[in-house]
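Read the structure below first, then the notes.
The values are calculated or read from the model by the stated rules, or taken from the named source; none is laboratory data. Predicted model only: the values in this text are computed from it and were never measured. Positions of Cβ are generated from backbone atoms using ideal geometry, with glycine treated the same way; all protein chains shown enter the neighbour counts. Ligands, DNA and RNA are stripped out before the accessible areas are found, and what is left, the full protein with its side chains, is counted by its heavy atoms. Shrake-Rupley method; radii C 1.70, N 1.55, O 1.52, S 1.80 Å.
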Amino acid sequence: MTAADSLEPAIVTHGAGKSFGGDSILRDLDLVIERGTIVGVIGPSGCGKTTMIRMLTGISPATSGEVRVLGADPASFDSRTRTRIGYMPQIPVLYPHLSLWANLNFMASLYGVPLRHRRRRLRELQEFVALGDDRGKRLADCSGGMQRRLTLAATLVHGPELLFLDEPTAGIDPLLRDRFWERFRLLRDEGRTIVVSTQYVGESTMCDVVAVIVEGRLLTVAAPEQLRRSAFGGDVVHVTPERGWMTVAELQAVAELPYVASATRDDDRIRIVLRSIDDVGQLAAHFQDVDVAIGMIDTVPPTFDEVFVTLMRHAESRAAAVVA
């Protein structure tokens, strides 16, 4: 990497799009990914996540707009630039009749990993993906999860500075999934850039930035906490009145407070969206002033499943308004 490389973002797109047979799969993709960042890509099945990754790697070049990855157009990557990139596809691409060790060794040879370091490197990677005891096993005799784990090891074998991982934790048990994310964060801390699509929306919290794609369009790009605030319009807290309920007038009074974005009933609790979590003290003081006894103010943030569903509803509402 040159000094100039280190100053520019790893990925920049302007109005990028991808069409197949006249059907637009991705549209107007404007994206900037800084180096040393983990970027999560989430969205409904079929929304264009894999198409975006394939476009950024040059496997399926953009049909419109501009795409720059590591300072170059992916459609014209030279061999040197390609060695700086690692790509883990969803579909297995390794050799089923070779052993796990032979597959990794072959990939290392393709990328020119020196022989004097190769054996140690391969052992480290097999231990990382929990396949150290299965190195002699044929890939064809492995489960789908084991094949995914070996594919990740093969993606990392040459130490790429930019990683594209298409659902790397699919079919992986929770403990190993956590181990993978620990490794991803270590790679990030070394200055590597990781673009990872995931079917597990909760993994968004482990990313520095999250890109949400809906029907081929980039809905938003934000840090996880900003994404929560964007979905709900502020910081969500749950209030449990001691008497188990709150009158309509009391609820309306809360909704009209200047630091409250909304207040609604949520089963036996009240869901209140504060413009800032720093206002929770004022909210507690309000209930004391109006003599409403509160058993608890719960500041546990909504799950990312809730965030994702809320963002999808917002997108559907905007689309319906445009049609109308």
Q) Beyond 14 Å, what percent of the Cα pairs of the range 69-120 remain? A) 64
Q | Residues whose placed amide H lies under 5 Å from that of Ala261, excluding near-sequence neighbours | A | Val273, Leu274, Arg275
Q) By its C-alpha gyration tensor, with a ≥ b ≥ c as the square roots of the eigenvalues, how is the range 7-97 shaped: rounded for a/c under 1.5, else prolate for a/b larger than b/c, else oblate? A) rounded
(Q) Could you sort Thr264, Thr57 by their accessible area in this structure, using a 1.4 Å probe and putting the largest first? (A) Thr264, Thr57
Q.
Quick check: at a probe of 1.4 Å, how many percent of the accessible area of the chain sits on carbon and sulfur atoms?
A. 51
Q: Quote the convex hull volume per residue of the chain, based on C-alpha atoms, as a whole number of Å³.
A: 177
Q. When only the heavy atoms of the protein chains count and the probe is 1.4 Å, how do His238, His314 rank by accessible area, highest first?
A. His314, His238
Q. Tell me, what is the per residue accessible area of the range 83-199 in Å², probe radius 1.4 Å?
A. 46
Q. Once phi is turned into ³J(HN,Hα) by the Karplus curve 6.51 cos²θ - 1.76 cosθ + 1.60 with θ = phi - 60°, what whole-Hz value does each residue of the range 221-230 show in order, with x for glycine and proline?
A. 10, 7, 5, x, 5, 5, 5, 4, 5, 5
Q. Given Cα pairs under 8 Å that are at least 6 residues apart, what percent is the relative contact order of the chain?
A. 18
Q | Tilt relative to the chain, helix 280-289 - C-alpha long axis, 0 to 90 degrees, to 10 | A | 20
Q | Listed residues Met107, Met146, Met296, most fluctuating in the chain (Gaussian network, C-alpha, under 10 Å) | A | Met296
Q. Kirkwood Rh, the range 46-139, all Cα pairs: how many Å?
A. 15.4
Q. By how many degrees, 0 to 90 and rounded to 10, does the Cα axis of helix 144-156 deviate from the longest principal axis of the chain?
A. 70
Q: Please report, to one decimal in angstroms, the Kirkwood hydrodynamic radius of the range 219-324 built from all distinct Cα-Cα pairs.
A: 14.8
Q: Mind pulling the angle between the C-alpha long axis of helix 115-128 and the longest principal axis of the chain? Nearest 10 degrees, somewhere in 0 to 90.
A: 30
Q) In debye, nearest 20: dipole of the range 166-324 around its Cα centre with unit charges on the Cβ of K, R (+) and D, E (-)? A) 440
